[in-house]
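Take a look at the structure set out below.
The values are calculated or read from the model by the stated rules, or taken from the named source; none is laboratory data. Computed from a prediction, not measured in an experiment: that's the story for all the values here. Reconstructed Cβ throughout: ideal geometry from the backbone, glycine too, with neighbour counts over all protein chains shown. Side chains included, ligands, DNA and RNA excluded: accessible areas come from the protein's heavy atoms. Shrake-Rupley method; radii C 1.70, N 1.55, O 1.52, S 1.80 Å.
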Amino acid sequence: MTKNEMAGVLAEIGVLLELNGENPFKVRAYQTGARVLEAIEEAELVRLIAAGELESVKGIGEALAKKITELHTTGRLGFYEKLKASIPHGLVELLQISGVGPKKIRALQAKLGVDSIAKLQAACETGAVAALEGFGEKSQEKIIEGIRHREKYARRHLWFEAWAAAEPILAGLRGLTQVLRAEHAGSLRRRMETVGDLDFLVSTSDPKPVVDWFVAQGGVAEVTAHGETKASVRLQSGLQADLRLIPQEQFVFAWHHFTGSKDHNIQMRQRALGRGLSLSEWGLVPAAGEGTAKEKAEKQKDGKTEGKEIASETELFAALGLKFIPPELREGLGEIEAAEQGALPVLIEEADIRGVFHNHTTASDGHNTLEEMAAAAQALGLEYLGIADHSKSSVQARGLDEARIAAQIAAIRRLNASGKFRTHVFAGTECDILPDGRLDFADEVLAELDYVVVSVHSAFKQSREAMTARIIRAMEHPHVTMLGHLTGRLLLQREGYEIDADKIIDAAIAHRVVIELNANPWRLDMDWRLWRRAAERGLMCAINPDAHDTAGLTDFRLGVGAARKGWLTKEHVITARPRADIRRLLVERKIG
Ligand code: DGT
Ligand code: CA
Ligand code: CA
Ligand code: ZN
């Protein structure tokens with residue numbers, strides 16, 4: 001077990017002991033132990049354990065030293081397992097609700113008999129929690145919000161984490177000799193920003209070894225279903241993965257069905273019915289006559305009824321009079337109508353991207369220098385790299401003041417002049433929008449820059465009206481080129497600040513301000529659901545990785561996925577324009 005995992009176990013023991021009402025000294029001993037482990041070097045810790053000298057470390061007593069040694073050598077801890085088993089599961093689950101710690105849980109249990117999330121919810125609904133000493137109306141509100149939040153998010157995962165888990169599984173399946181074809185489906189294939197579970201489809205005539213491999217692969221924490229043509233596992237990350245085995249001749253239908261979305265499927269099925277056909281995961285068959293869709297599909301396979309061979313999704317859509325619909329668009333939001341009219345957009349692709357704006361360096365809160373970022377951008381084949389470090393009000397991010405940004409602009413000009421990199425660097429800023437909508441830099445400073453991204457990083461709690469007015473005021477500024485992360489949301493972590501998105505989009509169009517699609521996997525902000533209509537009305541998009549290190553530059557690919565979900569073509573995206581056009585576009589914007 002690694003040092004950090006052991007620290008995690010100690011911290012959890014502290015929480016569980018507190019939940020049990022143990023003496024505070026004992027609780028604190030574990031909390032301290034966890035902190036000590038976090039601070040110590042891994043190699044040093046291993047040496048101390050081997051030498052039996054752990055007790056010599058300040059903050060680790062005899063009992064703790066024994067437990068750490070047990071964890072390190074066996075990967076388990078009997079004390080921890082017994083403790084965990086002794087506390088009702090419902091109580092432990094209450095810890096997942098933000099704003100509810102061990103102390104509050106104890107009070108809720110003692111005074112209201114609350115020992116599960118359901119009971120806590122009920123107690124909030126009757127107002128009993130608000131009436132409790134030490135709680136009140138406000139803290140009850142917070143708990144209700146916390147419960148809602150958990151329901152919404154606890155079971156979902158970021159797309160890029162789901163993809164990282166899925167890629168090796170897909171490769172593993174494709175490597176099996178029995179596998180004719182393996183594909184991923186579901187929200188992962190549709191590139192939803194978050195994913196509930198992974199869906200894999202395999203076509204094979206020999207299912208058993210494939211299922212056996214799937215449930216036995218590394219990274220599986222629990223097998224939740226293990227059948228002849230279907231299996232489900234929970235991975236160590238908590239992510240659930242489903243595998244379905246499909247006969248070759250039904251594969252396309254199953255792939256389309258399990259790609260979804262549900263809304264898309266329902267509309268497709270209705271369209272099929274309108275043509276006297278029944279579409280299902282098993283096939284496309286005449287709707288009339290005896291038997292279920294499945295039975296008919298089986299018969300068709302045996303050649304007992306006539307049917308056209310459908311061997312690809314393109315042919316499946318064509319059989320219903322439709323052009324191929326890219327998976328990203330299959331949300332039941334008008335894609336079938338567009339496919340019928342031949343009006344589907346030619347979606348932007350990764351290869352269309354020519355450059356990126358909004359990236360950070362060590363000058364503010366980035367981890368790589370200007371030159372390192374330029375080298376990485378060149379290695380990715382980008383024609384231009386925009387640097388936009390934080391401005392002075394973002395103190396926690398070491399925002400640049402006037403003198404430091406002047407020096408950075410000079411350094412960027414020198415780098416370009418040196419010809420060291422083929423990638424051109426544009427000098428910009430991610431300028432804070434102050435709470436009243438003014439900008440963090442004076443006009444003279446902004447005028448020296450190639451472009452200006454403006455973002456909200458403070459006073460998140462403003463009213464919807466105030467926040468909307470604040471952002472619009474900032475965009476009205478003649479030097480502003482781009483609005484950063486529209487809502488400031490962090491997926492699965494934090495809701496965005498309240499805004500009137502339509503109003504802001506209208507203002508951006510009117511003032512020819514570009515809105516970014518921040519491609520950081522936690523953000524993907526502005527949301528794909530808003531892009532289609534906004535782009536139709538004339539809004540330009542910049543797909544910006546908001547990179548804080550060289551590796552982060554590749555996040556623009558996630559932005560392309562979100563842009564595709566938003567029906568964007570390369571014409572809508574300024575970062576798909578060649579460098580030669582960019583300066584003109586930026587200058588046009590400045591003269592406005
Ligand atoms: P997720 O896993 O919550 O991120 O979202 P999906 O879309 O991957 O949903 P999932 O895994 O429950 O099912 C995969 C696909 O299977 C789904 O997108 C559409 C199809 N599907 C599942 N259940 C139904 C259903 O009851 N009706 C229809 N029409 N399609 C369904
Ligand atoms: Ca799924
Ligand atoms: Ca599923
Ligand atoms: Zn920012």
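Looking for something within 14 Å of ligand 1 (Cβ to nearest atom), out of contact with any Lys or Arg (no Cβ under 7 Å at 6 or more places or on another chain) and of a type in the set (Phe, Trp, Tyr) - is there at least one such residue anywhere in the stretch 274-291?
No, the stretch 274-291 contains no residue that is within 14 Å of ligand 1 (Cβ to nearest atom), out of contact with any Lys or Arg (no Cβ under 7 Å at 6 or more places or on another chain) and of a type in the set (Phe, Trp, Tyr).
Can you report the number of residues in the stretch 4-29 which are open to solvent by 50 Å² or more (accessible area, probe 1.4 Å), in contact (Cβ under 8 Å) with a residue 60 or more places away in the chain and not in a helix (DSSP H, G or I)?
The number of residues fulfilling the criteria is 1.
For residue 182, which of the numbered conditions (1) in a helix (DSSP H, G or I); (2) among the small types (Gly, Ala, Ser); (3) within 29 Å of the chain's Cα centre (by Cα) fails to hold?
(1)
Give all pairs with beta carbons closer than 6 Å in which a residue from the stretch 349-369 that is closer than 16 Å to residue 516 by Cβ meets a residue that is part of a loop (DSSP other than H, G, I, E, B); count only pairs at least 6 apart in sequence or on separate chains.
Hits for this filter: 354/383; 354/578; 355/382; 355/383; 356/545; 358/546; 360/366; 360/548.
Before we move on, is residue 184 modelled with pLDDT under 95 and within 15 Å of ligand 3 (Cβ to nearest atom)? So that I can check it myself, show each step before the final result.
Working: modelled with pLDDT under 95: no; within 15 Å of ligand 3 (Cβ to nearest atom): yes.
It is false that residue 184 is modelled with pLDDT under 95 and within 15 Å of ligand 3 (Cβ to nearest atom).
Quick grid of which residues meet (1) closer than 25 Å to residue 477 by Cβ; (2) more than 17 Å from the chain's Cα centre (by Cα):
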{"residue": "513", "(1), (2)": "yes, yes"}
{"residue": "518", "(1), (2)": "yes, no"}
{"residue": "525", "(1), (2)": "yes, no"}
{"residue": "528", "(1), (2)": "no, no"}
{"residue": "538", "(1), (2)": "yes, yes"}
{"residue": "545", "(1), (2)": "yes, no"}
{"residue": "551", "(1), (2)": "no, no"}
{"residue": "577", "(1), (2)": "yes, yes"}
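How many residues are away from ligand 2 (no atom under 16 Å from the Cβ) and among the hydroxyl-bearing types (Ser, Thr, Tyr) if we restrict to the stretch 183-223?
Our first condition is that a residue be away from ligand 2 (no atom under 16 Å from the Cβ); within the stretch 183-223, this holds for 203-213, 215-223.
Still in the list and also among the hydroxyl-bearing types (Ser, Thr, Tyr): 203-205.
The qualifying residues number 3.
Is there a residue in the stretch 409-425 that is touching a strand residue (DSSP E or B) at 6+ places or on another chain (Cβ under 9 Å), open to solvent by 10 Å² or more (accessible area, probe 1.4 Å) and part of a loop (DSSP other than H, G, I, E, B)?
Yes.
Considering the stretch 195-248 alone, what residues qualify as being within 16 Å of ligand 1 (Cβ to nearest atom), open to solvent by less than 20 Å² (accessible area, probe 1.4 Å) and either on the phi > 0 side of the Ramachandran plot or part of a loop (DSSP other than H, G, I, E, B) (or both)?
239
Report, by residue number, each residue of the stretch 96-115 that is closer than 16 Å to residue 127 by Cα and of a type in the set (S, T, N, Q).
The answer is 109, and nothing else.
Would you confirm whether or not the stretch 30-47 contains a residue that is assigned to a helix (DSSP H, G or I) and under 18 Å from residue 103 (Cβ atoms)?
Checked against the condition, which is being assigned to a helix (DSSP H, G or I) and under 18 Å from residue 103 (Cβ atoms), the stretch 30-47 yields at least one hit.
So is residue 436 free of Cβ contacts under 8 Å to residues at least 24 places away in the same chain, surrounded by fewer than 18 Cβ atoms within 10 Å (Cβ to Cβ), on the phi < 0 side of the Ramachandran plot and more than 16 Å from ligand 1 (Cβ to nearest atom) or not?
No: the conditions fail for residue 436.
For residue 465, all conditions in the list (1) under 22 Å from residue 531 (Cβ atoms); (2) modelled with pLDDT of 95 or more; (3) surrounded by fewer than 20 Cβ atoms within 10 Å (Cβ to Cβ) hold save one; what is the number of the exception?
So residue 465 meets the others, but not (1).
For the stretch 472-503, give me each residue that is surrounded by fewer than 24 Cβ atoms within 10 Å (Cβ to Cβ) and either within 16 Å of ligand 1 (Cβ to nearest atom) or not in a loop (DSSP other than H, G, I, E, B) (or both).
If the condition is that a residue be surrounded by fewer than 24 Cβ atoms within 10 Å (Cβ to Cβ) and either within 16 Å of ligand 1 (Cβ to nearest atom) or not in a loop (DSSP other than H, G, I, E, B) (or both), then 472, 473, 475, 476, 490, 491, 492, 494, 501, 502, 503 are the ones that fit.
Of everything in the stretch 439-462 that's surrounded by fewer than 22 Cβ atoms within 10 Å (Cβ to Cβ), under 25 Å from the mean Cα position of the chain (by Cα) and among the hydrophobic types (A, V, I, L, M, F, W, C), which residue is nearest to ligand 4 (Cβ to nearest atom)?
Here the answer is 460.
Within the stretch 125-139, can one find any residue that is away from ligand 4 (no atom under 16 Å from the Cβ), modelled with pLDDT under 95 and under 21 Å from residue 242 (Cβ atoms)?
Scanning the stretch 125-139 turns up no residue that is away from ligand 4 (no atom under 16 Å from the Cβ), modelled with pLDDT under 95 and under 21 Å from residue 242 (Cβ atoms).
Scan 34, 39 and give me the residue that is free of Cβ contacts under 8 Å to residues at least 24 places away in the same chain and closer than 17 Å to residue 6 by Cα.
Matching residue, one of 34, 39: 39.
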